[in-house]
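As structure tokens, the structure follows; a few thoughts come after it.
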Amino acid sequence: MSMHNPALYQKFISFQKRDAWNMLKNFGSKMKWKNNASVIDLGSGDGFVTSILKEHLPPDFKRVIGVDISKEMVEFANEKYGDERTSFTIMDIGGKVPEGLEGGFDHAFSSYAIQFIPDQEAVFKNINSVLKDSGSCLLTFLGKNMIFDTFAHMGQSAKWRTLMENDLEKISVRYYKMENAAGEVKRIMEENGFSDVHVENNDMFFEYEALEQLTSMVESGNLFHLPPDRLREFIQDFSKVIVDATKIEKVAGKPEAVRFRYKQLIAYGVKQ
Ligand SMILES: C[S@@+](CC[C@H](N)C(=O)[O-])C[C@H]1O[C@@H](n2cnc3c(N)ncnc32)[C@H](O)[C@@H]1O
């Protein structure tokens with residue numbers, strides 16, 4: 001899956017930005033940032049969260065490279081956030097590691113990207129392979145959440161089933177239905193060359209000022225590769241289903257606002 005509308009994705013303050021900030025604040029000392037560090041941001045998207053990452057690095061960092069499968073995202077991020085020490089390039093985190101990136105980084109970071117990749121063993125192998133020995137990683141990604149609950153519901157309807165089924169299978173995050181998602185992530189990491197592994201699976205929510213902000217994020221991702229007219233219709237139906245079936249909550253005293261609930265997985269580890 002790749003995201004195609006960076007400008008729309010960037011428009012609203014989101015749980016991704018808030019969580020990246022908090023995670024970097026809370027895990028900063030555990031990361032033991034190296035001097036002159038080389039850092040990779042996996043699934044860097046529009047680059048905004050990469051700029052949050054940079055604010056938490058020691059100022060003498062050597063380079064930050066954001067990688068993403070989407071050409072549109074990489075171009076947008078290079079234009080908006082690229083500089084002498086910051087660049088963005090195309091890479092499929094679940095595919096083959098491009099030449100020049102193997103063993104090149106002291107730290108790997110990722111915010112809300114790796115849940116979309118079906119082959120999680122490949123993901124963690126690749127993260128391990130881009131790190132230098134004793135390099136550390138800090139990753140956050142989605143477990144069960146109201147967006148996927150809504151997709152799952154829509155994927156059963158006659159109207160959307162055929163259009164969604166292929167991608168739904170691919171993107172139905174591996175940890176979505178797992179009781180012990182944290183244990184599973186820990187197992188995969190330890191089997192793929194990480195030690196000192198710490199995984200959390202936190203119950204979270206984020207209040208959007210209006211449902212439209214959440215649906216715009218879903219629209220910007222266009223996870224089911226719908227043509228523009230179908231995408232509009234899909235988002236209209238999504239907006240109904242997330243209220244009627246998923247029962248996204250209202251916020252007292254704020255008639256437009258909604259409370260999006262999700263599980264946040266956080267994983268930390270050191271390359272053995
Ligand atoms: C929800 S966005 C997160 C962007 C940014 N890290 C943030 O926190 O705002 C997910 C990003 O992961 C990227 N992505 C999805 N699958 C990927 C893959 N296999 N390899 C690299 N990037 C991928 C998408 O293109 C998208 O930009």
**OP:** Above 34 angstrom, tally the Cα pairs of the chain and express them as a % of all pairs, no decimals.
**Re:** 16 percent
Original post:
Between the range 120-139 and the range 1-56, how many Å separate their Cα centres?
Top reply: 17 Å
Subject >> Calculated from backbone phi, Karplus (6.51, -1.76, 1.60) coupling profile of the range 244-256 in Hz, x at Gly/Pro >> reply: 6, 9, 6, 6, 4, 7, 7, 10, 4, x, 10, x, 8
Original post:
How much accessible surface does ILE13 have with a 1.4 Å probe, in Å² rounded to 10?
Top reply: 110 Å²
**OP:** Go ahead and set up a Gaussian network model of the chain, Cα springs under 10 Å, then flag whichever of GLU121, GLU256, GLU209 fluctuates most.
**Re:** GLU256
Original post:
Can you tell which of ARG187, ARG174, ARG261 shows the greatest fluctuation in a Gaussian network model of the chain with Cα springs below 10 Å?
Top reply: ARG187
**OP:** Could you calculate the FRET efficiency of ASN22 with LYS159 from 1/(1 + (r/R0)^6), where r is the beta carbon distance between them and R0 is 35 Å, rounded to 0.05?
**Re:** 0.35
Original post:
In Å², what does the accessible area per residue of the range 6-271 work out to with a 1.4 Å probe?
Top reply: 45 Å²
Original post:
Taking R0 as 35 Å, what's the FRET efficiency between GLN272 and GLU169 from their Cβ-Cβ distance, rounded to 0.05?
Top reply: 0.60
**OP:** Along Cα→Cβ, 7 Å out, is where each label goes; now give me the distance between the ones at LYS250 and LYS96 in nm to one decimal.
**Re:** 5.5 nm
Original post:
Which of MET154, MET164, MET178 moves most in a GNM of the chain, Cα contacts under 10 Å?
Top reply: MET178
Subject >> Simple label model, 7 Å out from Cα along Cβ direction - ARG85 to GLU121, nm >> reply: 3.9 nm
**OP:** For the range 6-271, give the percent of accessible area contributed by carbon and sulfur heavy atoms, probe 1.4 Å, rounded to a whole number.
**Re:** 51 percent
**OP:** May I ask you to derive the FRET efficiency for MET204 and ASN36 from their Cβ-Cβ distance with R0 = 30 Å, giving the value to the nearest 0.05?
**Re:** 0.30
Original post:
Can you list the residues, at least 5 places off or on another chain, whose amide H is less than 5 Å from the amide H of ALA210, using H built in the peptide plane?
Top reply: VAL258
Subject >> Length added when fully stretched, ARG63-LYS240, from 0.36 nm per residue minus Cα-Cα >> reply: 59.3 nm
Original post:
Near LEU24, within a Cβ-to-Cβ distance under 13 Å, what is the net charge of the other residues, with Lys and Arg +1 and Asp and Glu -1?
Top reply: +2
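The values are calculated or read from the model by the stated rules, or taken from the named source; none is laboratory data. Note that the structure is a prediction, hence the values are computed from the model and not measured. Positions of Cβ are generated from backbone atoms using ideal geometry, with glycine treated the same way; all protein chains shown enter the neighbour counts. Areas reflect the complete protein model, heavy atoms only, side chains present, ligands, DNA and RNA absent. Shrake-Rupley method; radii C 1.70, N 1.55, O 1.52, S 1.80 Å.
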